[in-house]
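Read the structure below first, then the notes.
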Amino acid sequence: MCKKVCTRIIILLFSYLPIIAQAQKALPVPPPFRVDNLVCEYKINPISVDEATPRLGWKLITRDRNIQQIAYEVRVGSNAVSLLKGKELLWTSGKVASGESLHVYYAGPALASRQKVYWQVRIWNNRQQVTPWSMVNSWKMGLLKPADWSAKWIEDNYQSDTTGGPSPMFRKTFKIDHKVRAAHLYITAHGLYEAQFNGKRIGTDYFAPGWTSYNKRLQYQVYDVTADLLKGDNAVGVTLGDGWYRGYTYNRKKNVYGTKLGLLFQLEIVYTNGKRILINSDKTWKVAYGPIRSSSFFDGEVYDARKEKKGWSTIAYKDLNWDSVRTIDTVKDNLVATFGPPVRKHEIFKPLKVFTTPAGEHVVDFGQNLVGWVQFKLKAKAGDTVKLFHAEVLDQKGNFYTKNLRTAKQENTYIFKGDSIETFEPHFTFQGFRYLKVEGYNGTLDSTNVAAFAVYSDMAQTGMFSTSNPLINQLQHNIQWGQKGNFVDVPTDCPQRDERMGWTGDAQAFCRTATFNMDVAGFFTKWLKDLSADQHKNGAVPYVIPNMLDSASAAASGWSDVATIVPWNIYLAYGDKQVLENQYPSMIAWVGYITRHTRNGLWDTGNHFGDWLFYAGTDYEDGAALTDKNLIAQAFYAYSTQLVINAATILGKDDDVKKYTQLLADIKKAFQAEYVTPNGRMISGTQTSYVLALNFDLLPENLRESAAKRLVSNIEDYDEHITTGFLGTPYICHVLSRFGHTDIAYDLLMKESYPSWLYPVKNGATTIWERWDGIKPNGTFEDPEMNSFNHYAYGAIGDWMYRVIAGINTDEGAPGFHKINIFPHPGGKLTNANAELETLYGKVKSAWSIDNGIFTLDIIVPPNTTAQITLPAVDGPVTESNIDINTNKDIANIKPVGGDMQMDVGSGTYQFKYILKTHKKNS
Ligand code: BGC
C-alpha cells in the first residue's frame, strides 16, 4: 500500500518539477533595501479603527550597516489597484524629510464609518537609496457614531436575575440572494459572547468583548465573515455568558455592571451589485437555554451535554420551541472599537504525569502553572458526570491543595450525553492551575484524551533573555509565565483565587518588565483608557481598573501612581507620544489629588498599602524591613510629579513644566525635612526607603553616595537577602547599579535562600509567587488567605536583567529604542547572557560571553536607529569583526569612560572582542 502511494507521490513530484522550478524562477527576489511590517495603530490591516487620524508605522529591512531613513512618502487610496498605479489617491504625504518611521499620522480627508483605505510607503535612506513602494496594506474604520448602529440590544424574557444560571442562546435565520462582495459583523454584548454562523465558530477570540469600564466604554468587535456565509439560507447563533459584566466576583459580589445579559449584533453585507443589506439583532430573533447550565470566571462551568441543541446555529435546526426576545432602548454612546489584542489560545500542555495522591485523588500534572483550561476527549454513559478541579500546587503530603483559591471553586463539570467520544472545553471561564483533579472518571488519562490550553491576550513575544545559569533562566521563564497568566485582557494581580482584578500597584511595578517580554502597547493603551474613564472627579485613581470595588474615592501611593508610571513606560518602550497626550489630563489630575491631600507639603494622609508583602521576618506588620508608609507616599508623590514634568516637556506645555518643577522642589524639600537626617540617614533605615529616595532623586546630591552605601550595608546585614515589597523591588538592583554596586545587585539576584528571587525557583516554581515565601523554608504554606503562586509583581526584576545584565536600554531622549544604549554588565559568575528585543524598529540584540578571559559581545542594532555602546572593563585592544575599533570605519566617537570604553554605531550587526578586566567581585 505504502509502496503504491509513495511511487505515486514520486511520479507526481517529478511531473510538477518543471512547474516548481519555473515558479521559483518567477518568484521576485525581495530587494536588499525595502520597507515592510506596515502597521496602523499597532495592527496589521485592522478592520475597526476609531481614531480620526490613525497612526502608521513601518520597518526598514536591510543587512547593510548604518542605515537611517531620511525621508518617507505615504500614499493612501480607496482602491488597491489604482493605488499601485499611484492613481486616484485619497492622500499623499509627499516626500517628507523625516526619520520618523513610527506613529506617522494620516493627514488626509476625514474618513467615514466603515471606510476602507489602502496604503503604501517608500523611504529614502542616508545612502541616497530609495525603496520600491511597499506592499499594499489597509485599514478599515469602525462605526464612529452611535447612529451607525441600527441593530437593537436584545435580551431574553426570562426572570430578571439569572446570574450564575444557564447561558442564553440567541438564534436567527436569513437569506442571501446575491453574490456577496463583503460581509462584516459588528458585535458586542452585556456579558461575554460566542458567535457561530452555519455551525462554525466566528473568530478565535475568547472572552469578547473584553473587560472595560462597561458603562462608559464597551468595546465592539468586527469580524470579516465574507467566507462564512452561504448562498441562500443562513443561520446565526450567539451564546452569552456572565463574565465580568454580571458574574460572581470579588467578595461574591454579582451584577456589577447590570443584571441582564444582552446582545448587539449588526451584520452588514454588501452584494457584488452594490446593494447593502443588514441582519440586525431585533425582535425577530429567538432564544433558548442550552447545555451551559452556569458559567463563572471564579467557579467554572457546568455543561450538560444532554441539553445540547444539535445544529442550533444551522439552517436545518427547528426552533419551534424557542422563545421570543425583547429589544431594549439603551444609549449606544459608550460603544468603542477594540484597541488591545484579543484573548486567544496559545500553548498546549500534555500531561507530564498522571498519578494518585496519598489521599487517593486522581491527578494530572501539566508541569506548568498556567492560565486557561483543560480539554478532554472521553467516553461515558449519558448522565455520567465528570468533575475537573484545578490547583496550583500540591501540599506537603503531595495532596491536591485548593485552600489558597479562597472561595473560587475553579471547577468544571461535564455531564455526558452518551455519544461516542465527547470533547469538552469550557466557554466563559478560565482557571489558574498546574494540577488537575478528575472525579467521576476512573479510566486512564493520558496525552490522547486530556490537554491544557494556555489562554491569554494575544501579545507577540518580543523579548528573549537567557544566561549560562539555569536558575536565572527558570526565573525568566517564570516571569514570562507570570505575564502570560495575568495579562488576560486586563493586567490582573492573580488568575486563580477569588480576586483576578486589575490591581494598579501590581501593574505599575511590572509594566516596564512587561514591555521587554511582549508587545504590550495595545494592551496597556486600552487599559489606560479605562483608567481615565474610572478616575474619580477629584483625581483619585481607584485601587483596581476597571473599578469594580465600592471604595468611592480611595487612592493609595504606589498603586494610584500607575496613572503616571504606565504612560511613561509605554512612551519609553514604544516612543508613543499620543499615549502621553491622552493620559496627560489623568496624570495631572492624580498629582492634583495628592497635592490637595497634603499638609505642609507632606502627603501624610489617607490609607496606603505601603511596601506590600515586604520581608517581615516572623512578624508581618512590624519587621525591621518595615518602611514608613507616609515616607513612601511622599516618594511616589515626587515621582509622579517628575513624570508629569517629563510628559509636559515632551508635549511642549511650558507653563506646566515650570509649575510642576516648583512643586517637585517643594515636595523634595518636605521629604528631606521630614524623613532624612542632615547626614543623610533615613528615618526608616530599610532597603525600600533608600531605594525609593535614591531612585527618585529625593536626596541632595552630596548625600547620595553615602545613602547608597547605607543601602549596601543594610543588604549585607541581611546576608545579601532582599527585604523589599512590591514598591521597592522594581528599583533595588537599578539603584545598586547606578551607584556602582552591580556586584551587590548580582548577590541579591543569585541568592538562593529565602527571601530571594531564586528561592521559589529552587522550590520548583514555574511562575512568580505573590510572596517571597509562598512555601516556607519548613515546607508549609503561607496564609491561604493570601498566597497566590502566580502574581507577577516580584517579576519586576526582569527589567534589570534586560537593561543591565544584557544592557539593552532605550535612550530617554529618543524613546522606543530610536537611540539605543547598550551597556552589558557581566557578573554573578555568569559566563554568558543573551537578550533580544523586537522593537518597533526591528530586532535589538546584546549577547555576551566570557571564554578564557576573552569577552565577546554580539550586537544587533536595527535599521533607522543608532546605538551608543559601552564595553565594560576593557583591558587592552578591542576588535570589531576582527578589525581594531580604532581603524574601523563603522565605529565613531570612541572614548574611555572609567575602565569602560564608549562608542557610537549605526544600524547593523557587530561583534566586539577584548580581554576583560576581572577585578570585580562576583565576576
Ligand atoms: C492583591 C494584590 C494587591 C493588593 C492590594 C491583594 O489582595 O492580590 O496584589 O495589590 O491586594 O493591597
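A compact table of results
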| read-out | value |
| --- | --- |
| Within the range 367-404: backbone nitrogen closer than 13 Å to the L352 label point (7 Å, Cα to C-beta) | 367-370, 392-394 |
| Square roots of 5 times each gyration tensor eigenvalue, C-alpha, the chain, largest first, Å | 45, 37, 30 |
| At least 27 Å along the helix axis (C-alpha) and Kyte average at least 0.5, DSSP helices within the chain | 2-26, 629-650 |
| Alpha-carbon centroid distance for the pair the range 858-923 / the range 694-718, whole angstrom | 31 |
| The range 504-596: C-alpha gyration tensor shape, a/c 1.5 cut-off, then a/b vs b/c | prolate |
| DSSP-defined antiparallel bridges as percent of all bridges, the range 30-156, nearest 5 | 95 |
| Separation of the V897 and R596 label points, Cα + 7 Å toward Cβ, nm | 4.4 |
| Residue-averaged 222 nm ellipticity for the chain, from DSSP H runs of 4+ at -39500 (n - 2.57), nearest 500 | -7000 deg cm²/dmol |
| For the range 142-153, Karplus couplings with θ = phi - 60° (6.51, -1.76, 1.60), whole Hz, Gly/Pro x | x, 8, 8, 10, x, 5, 6, 8, 9, 5, 10, 5 |
| Net length gained if the chain between S420 and E581 were fully extended (0.36 nm per residue, minus Cα distance) | 52.1 nm |
| Contact order normalised by residue count of the chain, Cα under 8 Å, 6+ apart, percent | 10 |
| Which of K309, K843, K231 has the fewest Cβ neighbours within 10 Å, and the rest in rising order | K231, K843, K309 |
| Potential lengthening between L471 and K175 on full extension [0.36 nm per residue; Cα-Cα distance subtracted] | 100.5 nm |
| D884-I854 FRET efficiency (beta carbon distance; Förster radius 25 Å; 0.05 resolution) | 0.95 |
| G908 long-range amide H proximity, modeled H, under 5 Å | N66, V861 |
| Long-range amide H partners of T462 with built H, under 5 Å | M518, D519 |
| The range 697-806, relative contact order in percent, only Cα pairs under 8 angstrom and at least six apart counted | 22 |
| Debye, to nearest 20: dipole size of the chain, +1 on Lys, Arg Cβ, -1 on Asp, Glu Cβ | 3460 |
| Ordering of 696-705, 571-580, 372-381 by packing [mean C-beta count within 10 Å, highest first] | 571-580, 372-381, 696-705 |
| Reachable lysines from K889, criterion Cα separation under 29 angstrom, eight or more residues apart if same chain | K59, K819, K843, K845, K913, K917 |
| Residues T866, T766, T492, sorted so that the one with the fewest Cβ neighbours within 10 Å comes first | T866, T766, T492 |
| D654-K87 pseudo-label distance in nm [points 7 Å out on the Cα-to-Cβ vector] | 5.0 |
| Long pairs among K175/K216; K345/K417; K140/K377; K275/K332; K286/K403, criterion Cα-Cα beyond 32 Å | K175/K216; K140/K377; K286/K403 |
| Under 5 Å, built H, 5+ apart or other chain: amide partners of F376 | F424 |
| Among P168, L218, I202 the positive-end extreme of the charge dipole of the range 146-244 (Cβ point charges) | I202 |
| Ascending count of other beta-carbon atoms within 10 Å, so fewest first, for T327, T918, T239, T467 | T918, T327, T467, T239 |
| Charge dipole (the chain, unit charges on Cβ, about Cα centre) - positive-most of P872, W149, I545 | W149 |
| Rel. contact order, % - alpha carbon contacts under 8 angstrom, at least six apart, the range 728-874 | 16 |
| Rounded to 5, percent antiparallel among DSSP beta bridges of the chain | 95 |
| Inverse of mean 1/r across different Cα pairs in the range 771-915, Kirkwood, Å | 16.9 |
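Only the coordinates and a few stated rules stand behind these numbers; no lab work does. Just so we're clear, the structure is a prediction, and the values are computed from it rather than from any experiment. With ideal geometry, Cβ positions are generated from the backbone for all residues, glycine too; neighbour counts draw on all protein chains shown.
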